[in-house]
Amino acid sequence: MGFLSRLAQLIKSNINDLINKSEDPEKMLNQVIVDMNQQLIEAKKQVAVAIADEKRLNKQFANEVAKSKEWENKAMLAVRAGDDGLAKEALLRRKEHDAIAAQYQEQWARQKALTDQLKTALKALSHKIGEAQRKKNVLIARKRRAQAMQSIQETMSGLSDASAFETFDRMAEQIDQMEAEAEAGAEVAEQYTGDILKHRFSELEASAGADLELEALKRKMGLVPAEQPSVGARVATPDAQHEEEELAELEEALEELKRRGG
């Protein structure tokens, strides 16, 4: 019964204490289950030996009973033959086998009771190991949840640190600067490497559109009389005069292209 006691004590040990003392609770719990199963294998082997002893004693008891019966038959045969002396000797032999059979019967009965007890204990221990396995799974799940929660709390603590937000702000400023420099570079590239003529026309159209909108606003406000000449008839400013000269040059260039094409 020593192996059963050791296994029972192992199962009854406080697993929570093991977790507190172990650097790796999951590894420790797995090792405990491995040890339990190893002890259970040894227990099964010893129970198997006890069962084998029980069967051997039962067989020996049966053999002695058979021999006793055999000598009893011989005694009966001697009586029928009228040989009482031979019948007495056969009965004496039968008595010897009866005594041996009684001893085997007693040993077999004890062994059977022990074997039945061991079987019951083995089933109970197997059930306890199953409970320990389930408890191990629950404890490991709790441990992993605790680790996950701890990791989340550590992450949240890091995010609550002002330095983390300062880093975001600093990175945003750097990105804003990079975007501004990129836009400036694109504008410079357009000024010096783009289609200058197209750009000049775009500026001219934008200026004319602005003049028309300004005139419409002044008309709406009553600042410009209805008979006032349009924007194109106003006294030319130096800038406007320059633009008209540029347009005249463009018209002459277009006429020249038409004449050449014709």
Subject >> The listed residue being over 30 Å from Glu26 (Cβ atoms) and surrounded by 10 or more Cβ atoms within 10 Å (Cβ to Cβ), out of Glu96, Glu131 >> reply: Glu96
Original post:
Just wondering, is there one or more residues in region 245-259 that are modelled with pLDDT under 70 and surrounded by 11 or more Cβ atoms within 10 Å (Cβ to Cβ)?
Top reply: no
Original post:
In region 31-67, how many residues are more than 51 Å from the chain's Cα centre (by Cα) and either over 16 Å from Lys112 (Cα atoms) or touching a residue at least 24 places away in the same chain (Cβ under 8 Å) (or both)?
Top reply: 9
**OP:** Check region 99-108 and report whether any residue there is modelled with pLDDT of 90 or more, assigned by TED's automatic domain parsing to the domain that holds Leu29 and within 30 Å of Gln39 (Cβ to Cβ).
**Re:** yes
Original post:
Based on what the data block shows, is Gln111 touching a residue at least 24 places away in the same chain (Cβ under 8 Å) and either closer than 21 Å to Glu54 by Cβ or not aromatic (Phe, Trp, Tyr) (or both)?
Top reply: yes
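The values are calculated or read from the model by the stated rules, or taken from the named source; none is laboratory data. Just so it is clear, the structure is predicted and the values come from calculations on it, not from any experiment. Quick reminder, even Gly has a Cβ in these numbers, built from the backbone with ideal geometry, and neighbours come from all protein chains shown.
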